[in-house]
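**Student:** Quick one: structure below, then a few questions.
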Amino acid sequence: MEKVIVIGGPTASGKTGLSIQLAKKINGEIISSDSMQIYKEMNIGTAKPDIEEMQGIKHYLLDFVSPEERYSVAQYKKDAKKAIKEIIEKGKVPIVVGGTGLYIDSLIYEIEYPQIETDLKYRKELEQVAQEKGLEYLYEQAKNIDEKAMQKISVNDQKRILRVLEIYKQTGKTKTEIEIESRKNKPEYDYKVFAINMDREVLYNRIDKRVDIMLEKGLIQEVKNLYKKYNKMPTAMQGLGYKEVVEYIEKKCTKNEMIEKIKQETRRYAKRQLTWFRKNKETIWLDGSDDLQVNIQKIISLVYQP
């Protein structure tokens, strides 16, 4: 069985840098597992690696979906599998990298998500309820239906809250039930799953610094351009860092409030990411404070040990 290396972990923990250096060392190519970096025109707020950062390493599943389009976990799984196959056929090592646990689980557990067409009428009804009664009201409704799924979903994550309600309405089953039923196939590849952890305070400082750098690079202008171009709030703009800037553009908060909110929500997101990877028994933990080469050697020895 062909080996596939997976590197997960929280935002700002150093996944990109580690994966690129590892790829250079073992003749690897990288498949992104980030649900925001898939979108075109959204570069600064998603911390998408640029050509210089990639250092000549080919990356897959970056920058290929319009912000207006919906992109499901089922689509991700199909596209990632295609990329894995392509890399292996070249005689190279696939390295799946990112913090979207749902994307990673779809691969390592072979989860088959039924293709559920979006009921746009029901979606509009839910969006109307969210506006009138608040997102927390829908969160509680979803929690009553599928408490287990909602443990992993933020009270601010409108996209995923709505999805839990939509799945139940259209199938009569909860998202959790569907996932349990769909884990029947054995994985096609030998996935070695690593995740980066580090001291919480160090991680939070890195997150705060990253947000400051994003703002220096022009995050507000990036969001203004998208807002003007699409003349509405496409799904992608509900993502972390984007929805907060939209609130600022719409004069719903001050600049300082926006900055603090992005930092606070990103710290919360990082906490949820760590919780997600901890529940995966397959996860092998790397210490983010260790030297890069130490972690690279650790990965190589554990993946290729006899």
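**Student:** Over all directions, how big on average is the projection of the convex hull of the alpha-carbon atoms in region 120-181, in square nanometres?
**Tutor:** Details: hull surface 15.5 nm².
Answer in nm², one decimal: 3.9.
**Student:** In debye, nearest 20: dipole of the chain around its Cα centre with unit charges on the Cβ of K, R (+) and D, E (-)?
**Tutor:** Value, rounded to 20: 140 debye.
**Student:** A further question follows. At what distance in angstrom do the alpha carbon centres of region 199-228 and region 1-74 lie from each other?
**Tutor:** Each part reduced to its Cα centre gives a spacing of 18 Å.
**Student:** Step through the table entries K58/K124; K77/K121; K48/K298; K92/K281; K251/K279; K159/K217, compare each Cα-Cα distance with 30 Å, and write down the pairs that go over it.
**Tutor:** K58/K124; K251/K279
**Student:** In region 219-306, which trypsin sites (Lys or Arg not before Pro) are in a loop and have at most 11 other Cβ atoms within 10 Å, using DSSP for the loop call?
**Tutor:** Here the trypsin sites (Lys or Arg not before Pro) that fit, given the DSSP loop and packing criteria, are K232, K251, K252, K281.
**Student:** Quick one: Karplus J couplings for region 254-266, per residue in order, coefficients 6.51, -1.76, 1.60, θ = phi - 60°, nearest Hz, x for Gly and Pro?
**Tutor:** For region 254-266, the Karplus curve yields 7, 4, 5, 5, 4, 4, 5, 5, 4, 4, 5, 5, 5 Hz.
**Student:** Each residue of region 190-202 in turn: what ³J(HN,Hα) in whole Hz from Karplus with 6.51, -1.76, 1.60 and θ = phi - 60°, glycine and Pro shown as x?
**Tutor:** Each residue of region 190-202 in turn: 8, 7, 10, 9, 10, 9, 8, 10, 7, 3, 4, 5, 4 Hz.
**Student:** For E112, E136, what's the fewest-to-most ordering of other Cβ within 10 Å of each Cβ?
**Tutor:** E136, E112
**Student:** Still on this structure, please answer the following. Skipping prolines and chain starts, which residues have an amide H placed within reach, meaning under 5 Å, of the one on F194, given they are 5 or more residues away or on another chain?
**Tutor:** Counting only residues 5 or more places away or on other chains, the set is V6, I7, G8, I284.
**Student:** With +1 assigned to the C-beta of every Lys and Arg and -1 to the C-beta of every Asp and Glu, and no other charges, what is the dipole magnitude of region 1-41 about the Cα centre in debye, to the nearest 20? Intermediate results must be reported in sequence, preceding the final value.
**Tutor:** Working: 5 positive and 4 negative charges, 35 e Å.
That gives a dipole near 160 debye.
**Student:** How large is the dipole of region 59-203 about the Cα centre if only Lys and Arg carry +1 and Asp and Glu carry -1, each at its Cβ, rounded to the nearest 20 debye? Intermediate results must be reported in sequence, preceding the final value.
**Tutor:** Details: 26 positive and 27 negative charges, 73 e Å.
In total the dipole reaches around 340 debye.
**Student:** Report the trypsin sites (Lys or Arg not before Pro) located in region 154-215 that are in a DSSP loop and have at most 16 other Cβ atoms inside 10 Å of their Cβ, or state none.
**Tutor:** Answer by residue number: K173, R183, K184.
**Student:** Please order E127, E132 by the number of other Cβ within 10 Å, starting at the fewest.
**Tutor:** Ranked by crowding around the Cβ, least crowded first: E132, E127.
**Student:** May I pose another question? Could you tell me the relative contact order of the chain? Use alpha-carbon pairs under 8 Å, at least six residues apart, and round to a whole percent.
**Tutor:** 28 percent
**Student:** Now, a different point. For the chain, what does the helix formula give at 222 nm: sum of -39500 (n - 2.57) over DSSP H segments with n ≥ 4, over the residue count, nearest 500 deg cm²/dmol?
**Tutor:** -17000 deg cm²/dmol
None of the figures in this text is laboratory data; all of them are computed from the coordinates on show. The model shown is predicted, which means the values in this text are computed figures rather than measured ones. Neighbour counts run over all protein chains shown; Cβ positions are idealised from the backbone, glycine included.
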